[in-house]
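See structure below.
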Amino acid sequence: MQHHITAISGDGIGKEVIPATIRVLESLALPITVTWAEAGFGTFEASGTALPNATLAQCQASDAILFGATQSPMTKVEGYSSPILALRTQLGLYANLRPAKTDTIDMLIVRENTEGLYSRRERLEDDGKTAIAEQVITEFATRRIVDVACQQAMKRRQHLTIVHKANVLKETGGLFRRVAFDVARDYPDLTVTEQLVDACAMKMAMDATQYDVIVTSNLFGDILSDLAAGLTGGPGLAPSANIGEKYALFEPVHGSAPDIAGQGIADPRAAFLCLVMLLRHLGYTHPADRLATAIASIEHLGTVDATTQAMINHYQT
Ligand code: GGG
């Protein structure tokens with residue numbers, strides 16, 4: 001069977017680590033064809049849109065998408081909106097899976113990807129002195145994300161931690177908590193516990209080995225998964241998957257890193273780990289295992305090229 005993927009480098013170091021990852025993919029000689037597509041702030045500056053229709057259509061025609069990084073500015077730029085947020089919405093990528101692994105830590109953070117505080121329901125009051133962001137939690141989105149988390153936990157060590165802040169956010173956090181426990185009841189083999197997000201952050205910093213699968217809402221998942229990444233090797237080793245009913249997009253957790261972009265010194269291993277997740281998603285279990293072993297055995301050698309070549313040499317010998 002022939003598979004087809006779309007590769008989008010995006011901005012900054014995405015332009016370095018994604019081509020390196022495709023080089024790795026090509027060296028595996030699998031029946032996977034790659035089409036390149038454009039998105040990002042650079043694309044916006046060049047063409048007036050950060051996510052061209054052709055890119056979206058290309059993604060929709062693919063079995064999986066490999067995405068680099070975006071560089072959304074801190075302040076509002078007229079006409080610009082983040083292409084990765086648009087892709088998550090347009091492709092229905094509701095589950096963000098972020099594994100974090102070392103010799104002793106092996107956890108998976110399952111982050112709800114479509115609502116919460118990232119629902120883009122934000123406004124500045126007329127006086128310009130008060131800004132309001134609304135957190136949206138729906139039973140529908142909570143059910144489907146917790147269901148994904150339960151299924152993942154069943155394939156792992158069968159422990160699920162539901163993370164929320166229901167003691168303060170009684171309506172939104174309360175709904176998330178209630179629905180999460182309700183969904184988890186359908187998985188009697190799971191051990192299910194709950195933690196407040198602040199306690200979870202502290203416990204994770206002190207001993208992350210206690211976690212298997214964590215499920216949480218969008219903002220909490222964003223923050224906790226960066227903490228987990230920091231505890232397990234930093235941004236150079238943190239991959240993620242955005243999964244929906246129909247599409248799947250894989251991207252390193254790191255951003256475009258403008259401070260080092262263009263120098264060829266970025267660590268490509270997070271992008272390589274995304275390729276491992278992508279290959280597993282498409283059913284290429286053995287090549288994915290070979291790649292994962294090779295990634296675990298190499299250090300970042302200071303340049304994208306040297307690290308990429310070392311990786312290829314490692315699994316080809
Ligand atoms: N690969 C993840 C990534 O690009 N992170 C940076 C990010 O999320 N930026 C926010 C945005 O551009 O919307």
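General remarks:
- Pairs are defined by a Cβ separation below 6 Å, a sequence spacing of at least 6 or placement on different chains, a first member in region 248-265 that is free of Cβ contacts under 8 Å to residues at least 60 places away in the same chain, and a second member that is away from the ligand (no atom under 12 Å from the Cβ); the pairs so defined are Ile265/Thr303.
- Single unsatisfied condition, Thr172 versus (1) of a type in the set (S, T, N, Q); (2) within 16 Å of Ala95 (Cβ to Cβ); (3) out of contact with any strand residue (DSSP E or B) (no Cβ under 7 Å at 6 or more places or on another chain): (2)
- So Ser256, is it surrounded by 23 or more Cβ atoms within 10 Å (Cβ to Cβ), farther than 22 Å from Lys155 by Cβ, more than 16 Å from the ligand (Cβ to nearest atom) and under 21 Å from the mean Cα position of the chain (by Cα): no
- Within region 1-57, the set of residues being away from the ligand (no atom under 16 Å from the Cβ) and acidic (Asp, Glu) comprises just one member, Glu26.
- Taking each residue of region 187-201 that is touching a residue at least 40 places away in the same chain (Cβ under 8 Å) and looking for partners that are in a strand (DSSP E or B) with beta-carbon atoms closer than 6 Å, six or more apart or interchain, yields Leu190/Leu160.
- The criterion of at least 2 residues that are closer than 17 Å to Thr308 by Cβ is met, among strands (runs of 3 or more DSSP E) falling completely within region 1-89, by 3-10, 64-69.
- In region 63-99, residue farthest from the chain's Cα centre (by Cα) [restricted to those that are of a type in the set (A, V, I, L, M, F, W, C) and more than 11 Å from the ligand (Cβ to nearest atom)]: Val77
For (1) of a type in the set (Lys, Arg); (2) surrounded by fewer than 23 Cβ atoms within 10 Å (Cβ to Cβ); (3) in contact with a Ser or Thr (Cβ under 7 Å, 6 or more places away or on another chain); (4) at pLDDT 95 or above, each residue gets a yes or a no:
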{"site": "Glu16", "(1), (2), (3), (4)": "no, no, no, yes"}
{"site": "Ser27", "(1), (2), (3), (4)": "no, yes, no, yes"}
{"site": "Val34", "(1), (2), (3), (4)": "no, yes, no, yes"}
{"site": "Phe41", "(1), (2), (3), (4)": "no, yes, yes, yes"}
{"site": "Ser47", "(1), (2), (3), (4)": "no, yes, no, yes"}
{"site": "Leu56", "(1), (2), (3), (4)": "no, yes, no, yes"}
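- Some residue of region 202-215 being within 16 Å of the ligand (Cβ to nearest atom), in contact (Cβ under 8 Å) with a residue 24 or more places away in the chain and open to solvent by less than 30 Å² (accessible area, probe 1.4 Å): no
- Some residue of region 173-183 being away from the ligand (no atom under 16 Å from the Cβ) and in a loop (DSSP other than H, G, I, E, B): no
- Residues (modelled with pLDDT of 95 or more and either closer than 14 Å to Gly14 by Cα or within 12 Å of the ligand (Cβ to nearest atom) (or both)) located in region 239-253: Pro239, Ser240, Ala241, Asn242, Leu249, Phe250, Glu251, Pro252
- For region 259-317, the set of residues classified as surrounded by fewer than 16 Cβ atoms within 10 Å (Cβ to Cβ), charged (D, E, K, R) and in a helix (DSSP H, G or I) consists of Asp289, Asp305, listed by residue number.
The values are calculated or read from the model by the stated rules, or taken from the named source; none is laboratory data. Predicted model, so just to flag it, every value in this text is computed and none were measured. Every residue, glycine among them, receives a Cβ derived from its backbone with ideal geometry; neighbour counts consider all protein chains shown. Side chains are part of the model used for accessible areas, which takes the heavy atoms of the whole protein and leaves out ligands, DNA and RNA. Shrake-Rupley method; radii C 1.70, N 1.55, O 1.52, S 1.80 Å.
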